[in-house]
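Below is one structure, written out as structure tokens; the observations come after it.
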Amino acid sequence: MRIAAGSDSVSHLSQEILRYLEEKGIETVRCGALAGKTSDYVDAAQEVADLVASGACEQGLLFCNTGTGVSIVANKVPGVRAALCQDAYAARIARLANNANVLVLSIRLTGEPLAKEIVDAWLETSPSSEPRRVHFHRKTEQIDQQYRRSERDPAAFKGGGACGQADAPKE
């Protein structure tokens, strides 16, 4: 397995988790600050997401102060389903029920022992083949496809969808 791992800073947690993955025989592709580059969270998240979306890496791992910023950025990339997981249960469900392919860890809120439990749960869990869950995975993929630039011009989107919002005002 090949995992893209990125962050905007090098932390004790990121270094220990990367070492932990490599001890398990998992190849890591380091991105952002983990590769020695000057990087902000947006750059690191996009780099990891691009590697996962392209298929160059099967999964991704992002480290961030809270995890929120990198989750938002990574989920902008079509084909990426990033999940901020704060315990092993969330990691299992993210993989099983949501077919997540990028794990996000908060370096502020996650200690090393818990992070290892989360990573183990993530790695030990595959997306469900249960028909109900496969149906949800397919529906999510259809939404992803609908908003890919190659299939739909984002400038043509007028809003007003399910939330009943009016068109955005023109400036």
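The values are calculated or read from the model by the stated rules, or taken from the named source; none is laboratory data. The model shown is predicted, which means the values in this text are computed figures rather than measured ones. Every residue, glycine among them, receives a Cβ derived from its backbone with ideal geometry; neighbour counts consider all protein chains shown.
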- Task: Check the stretch 4-19 and report whether any residue there is touching a Phe, Trp or Tyr at 6+ places or on another chain (Cβ under 7 Å), touching a residue at least 24 places away in the same chain (Cβ under 8 Å) and among the acidic types (Asp, Glu).
- Result: yes
- Could you give every pair whose Cβ atoms fall below 7 Å, whose first residue belongs to the stretch 102-120 and is of a type in the set (Asp, Glu), and whose second residue is at pLDDT 95 or above, counting only separations of at least 6 or pairs across chains? GLU112/LEU13; GLU112/GLU16; GLU117/ALA88
- Message: Pull out all pairs, ordered by first then second residue, where Cβ-Cβ is under 9 Å, the residues are six or more apart or on different chains, the first lies in the stretch 143-154 and is acidic (Asp, Glu), and the second is modelled with pLDDT under 85 and not in a loop (DSSP other than H, G, I, E, B).
- Response: GLU151/GLN145
- Single residue of ALA53, ALA33, ALA44 found to be in contact with a Pro (Cβ under 9 Å, 6 or more places away or on another chain) and within 21 Å of LEU84 (Cα to Cα): ALA53
- Within the stretch 9-27, which residues are of a type in the set (S, T, N, Q), surrounded by fewer than 20 Cβ atoms within 10 Å (Cβ to Cβ) and either within 18 Å of the chain's Cα centre (by Cα) or closer than 15 Å to SER71 by Cβ (or both)? SER9
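Please specify each residue of the stretch 97-113 satisfying the condition of being closer than 21 Å to LYS139 by Cβ and either surrounded by 21 or more Cβ atoms within 10 Å (Cβ to Cβ) or touching a helix residue (DSSP H, G or I) at 6+ places or on another chain (Cβ under 7 Å) (or both). Steps first, answer last, please.
First, pick out the residues of the stretch 97-113 that are closer than 21 Å to LYS139 by Cβ: 97-102.
If the condition is that a residue be closer than 21 Å to LYS139 by Cβ and either surrounded by 21 or more Cβ atoms within 10 Å (Cβ to Cβ) or touching a helix residue (DSSP H, G or I) at 6+ places or on another chain (Cβ under 7 Å) (or both), then ALA97, ASN99, ALA100, ASN101, VAL102 are the ones that fit.
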- Might you let me know whether the stretch 98-114 holds any residue that is in a helix (DSSP H, G or I), aliphatic (A, V, I, L, M) and closer than 20 Å to ILE72 by Cα? no
- State whether one or more residues within the stretch 33-54 are closer than 16 Å to VAL102 by Cα and not in a helix (DSSP H, G or I). no
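Here is a yes/no grid of residues against (1) farther than 19 Å from ILE143 by Cα; (2) crowded, with 17+ Cβ neighbours inside 10 Å; (3) in contact (Cβ under 8 Å) with a residue 12 or more places away in the chain:
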site	(1), (2), (3)
LYS37	yes, no, no
ASP40	yes, no, yes
ALA45	yes, yes, yes
ALA49	no, yes, yes
ALA53	no, yes, yes
ALA56	yes, no, yes
ALA82	no, yes, yes
ALA88	yes, yes, yes
ALA91	yes, yes, yes
